[in-house]
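What follows is calculated from the coordinates using simple rules that are stated; it is not laboratory data. No experiment lies behind these values; they were computed from the predicted model shown. No Cβ is skipped: glycine too gets one built from the backbone with ideal geometry, and neighbour counts run over all protein chains shown.
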Amino acid sequence: MELRWDPTLNEWVIVSGQRERRPLLPESFCPFCPGSAEVPSTGWDVLSLGNKYPSLMPSPPPPDVRGDPLYRCKPSLGFCEVILYTPEHSASLSGLSVKHIEKLVDLWAERYRKLGEERFVKYVLIFENKGREIGVTLDHPHGQIYAFPFVPPKIKKELESSRWYMKRTGKCLFCRIIEKEIEDRSRIICENEGFICFLPFFAHWPYGVHVYSKRHIQSLPEFSEDERETFAEILKKILTKFDNLFGFSFPYIMVFHQKPTDGKAYPYYHFHVEFYPPYRDKEKLKFFAGVELGTGTTTYDHRLEDKAEQLRQAKVG
């Protein structure tokens, strides 16, 4: 396992052969249920565990191949963790109480802070892959954390765009997006005192909603107690809307976008969550194919405002 440099795109690729050995939907047991070899029997509501099949390790082996000035490689330094949402195997994030989700928010914030203190960790990514359509290999409700030794390319692009916008206008790009969405209102799904959820004007996925903090903050540890509660509330609300709109436990990818942990200041960045749900209609999946994967240019085959209206009208109870 190692990091290999792609000189055509100027970005690192994680190579991890051992990942193919991870369990694939075992029927006779769940390694994340209480009492398994990995998980305590009692005494927890949410839990962080080291990933048994990591792509990044705090003490990685040397690369399997020898690099050179063009084909650079280096050890896959970092951390991979699993975040268990609940002891209940058949639960989901949308079905948990707001108070329970608050405990999860506290754990996410603590792991972001703790992992970010490591000298070699430059970015802490919190995310969830939910559903077999996404390729999930274990059904127990859980998310993951990757602590990278570099800032990933998509985050770099956001940082560059938001830095440029603030330099040119003196304003936060993401705060301005919130203002624009509030002015229009046709793409807002729901909001509360601390957060706003909308299908952005520039959405890449049919139901790819974003959740922005209304206050200009950069990471989870900056949340006030009230914001931890309102964040839990809005996550539960949008996930419940997904389930009720489609009539089944809705699959998605959920990714937290936060400032890097490299010790630099990022006053122009803004905490937000992005969802990448695979369905474009109840029985139709959205696949990124030739145009999207070949060029990086997204095609959106629907009217954004209609999809937003569907979600806005979806029940929350």
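Which whole-Hz couplings ³J(HN,Hα) result when phi for each residue of segment 268-276 is put into the Karplus expression 6.51 cos²θ - 1.76 cosθ + 1.60, θ = phi - 60°, listed in order with x for Gly and Pro?
In residue order, the calculated couplings are 8, 9, 8, 4, 7, 10, 10, 10, 10 Hz.
Assuming R0 = 25 Å, what is the FRET efficiency of Leu293 and Arg132, from their Cβ-Cβ distance, to the nearest 0.05?
It comes to 0.70.
How large is ³J(HN,Hα) for each residue in segment 118-131, as worked out from phi by the Karplus curve 6.51 cos²θ - 1.76 cosθ + 1.60 (θ = phi - 60°), to whole Hz, x for Gly and Pro?
Result, ordered by residue: 5, 4, 8, 8, 9, 8, 10, 9, 9, 7, 9, 9, 10, x Hz.
Give the lysines reachable from Lys122 as a straight Cα distance under 24 Å; neighbours fewer than 8 places away on the same chain don't count.
The reachable lysines, counting only those whose Cα sits under 24 Å from Lys122, are Lys52, Lys74, Lys114, Lys154, Lys156, Lys157, Lys167, Lys259, Lys264.
How large is the Kirkwood hydrodynamic radius of the chain, in angstrom, based on all distinct alpha carbon pairs?
20.8
Does anything in segment 36-72 have its amide N under 19 Å from the 7 Å Cα→Cβ label point of Phe120, and if so which residues?
Inside the label zone: 50-68, 72.
Spelling out what I want: for every residue of segment 39-45, take phi, set θ = phi - 60°, compute 6.51 cos²θ - 1.76 cosθ + 1.60 (Karplus), and round to whole Hz; glycine and proline get x.
Coupling constants for segment 39-45: 10, x, 5, 9, x, 8, 10 Hz.
Lysines within cross-link reach of Lys241: Cα-Cα under 26 Å, excluding same-chain residues under 8 positions apart?
List returned: Lys99, Lys103, Lys130, Lys180, Lys214, Lys282, Lys284, Lys286, Lys307, Lys315.
Return the loop-located GluC sites (Glu not before Pro) in segment 199-265 (DSSP other than H, G, I, E, B) with at most 11 other Cβ atoms within 10 Å of their own Cβ; answer none if there are none.
Taking segment 199-265 and a limit of 11 other Cβ atoms within 10 Å, no loop GluC sites (Glu not before Pro) are found.
Restricting to DSSP H runs of at least four residues, report the calculated mean residue ellipticity at 222 nm for the chain, -39500 (n - 2.57) per run over all residues, nearest 500 deg cm²/dmol.
Dividing the helical sum by the residues of the chain leaves -9000 deg cm²/dmol.
Label points 7 Å out from Cα along the Cβ direction at Ser28 and Tyr53: separation in nm?
The answer from the label model is 1.7 nm.
Using a ≥ b ≥ c from the Cα gyration tensor of segment 196-317 (square roots of the eigenvalues), is it rounded, prolate or oblate, where a/c under 1.5 gives rounded and otherwise the larger of a/b and b/c decides, a/b for prolate?
Working: a/c = 2.31, a/b = 1.30, b/c = 1.78.
Since a/c reaches 1.5 but b/c is at least a/b, the shape of segment 196-317 is classed as oblate.
If amide H atoms are built 1.01 Å from N in the plane of the peptide, which residues on other chains or at least 5 residues away come under 5 Å of the amide H of Phe195?
Lys214
Using Cα pairs closer than 8 Å and at least 6 residues apart in sequence, work out the relative contact order for segment 139-284, in percent.
26
Listed highest first by mean packing, meaning other Cβ atoms within 10 Å per residue, what order do 297-303, 121-127, 180-186 come in?
Per-residue mean Cβ counts within 10 Å order the peptides as 121-127, 180-186, 297-303.
Non-local amide H neighbours of Met57 (under 5 Å, H modeled in plane, Pro and chain starts lacking H): which ones?
Leu77, Gly78
Which of the cysteines found in the chain have nothing to pair with, since no other Cys Cβ lies under 4.7 Å from theirs?
Cysteines lacking a close Cβ partner in the chain: Cys73, Cys80, Cys190, Cys197.
5 Å is the cut-off here: which amide hydrogens, built 1.01 Å from N in the peptide plane, fall below it relative to Tyr279, excluding neighbours closer than 5 in sequence?
Lys286
Rank-order 31-44, 135-148 by packing density, defined as the average count of other C-beta atoms within 10 Å over each peptide's residues, highest first.
On the way: 31-44: 13.1, 135-148: 18.8.
Descending packing order for the listed peptides: 135-148, 31-44.
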